[in-house]
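In what follows, a structure is listed as structure tokens, so that the remarks can point back to it.
The values are calculated or read from the model by the stated rules, or taken from the named source; none is laboratory data. Just so it is clear, the model here is predicted, and its values are computed rather than measured. No Cβ is skipped: glycine too gets one built from the backbone with ideal geometry, and neighbour counts run over all protein chains shown. Calculation scope for accessible area: heavy atoms of the full protein, side chains included, ligands and nucleic acids excluded. Shrake-Rupley method; radii C 1.70, N 1.55, O 1.52, S 1.80 Å.
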Amino acid sequence: MTGAFGGSVWKDIAMSSSGTDMMLADYNNGNIWSSSDSGANWTVDTSNGAKNWGTVAMSSDGTKAVAMAIGTNGGVWSGLPHAYSCLLYTSPS
């Protein structure tokens, strides 16, 4: 990919069964990208700050999504496909 995606290192992609909703995990630039129109347009989510995103997953109907960051700023975020800042899961102490 080129343009707005330049310099990205893609770690994972998730897509609803219809192909309408999509997510990309960008390890290099630390962003989650999402599309709600089968990839015609993309929106970057920087609300969680730069993370080393390792994987993303989405429910088959596209209504739920999770993203996992690895490394010292890691964690698992869950929310709607286009609102990943909803919840950070942390391990119990």
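Below is a table of values for the structure above.
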| read-out | value |
| --- | --- |
| Residue count, region 43-70 (criterion: open to solvent by 60 Å² or more (accessible area, probe 1.4 Å) and either in contact with a Lys or Arg (Cβ under 7 Å, 6 or more places away or on another chain) or within 14 Å of Val9 (Cβ to Cβ) (or both)) | 2 |
| Residue satisfying all of: in region 10-42; open to solvent by 70 Å² or more (accessible area, probe 1.4 Å) and of a type in the set (A, V, I, L, M); nearest to Trp77 (Cα to Cα) among these | Ile13 |
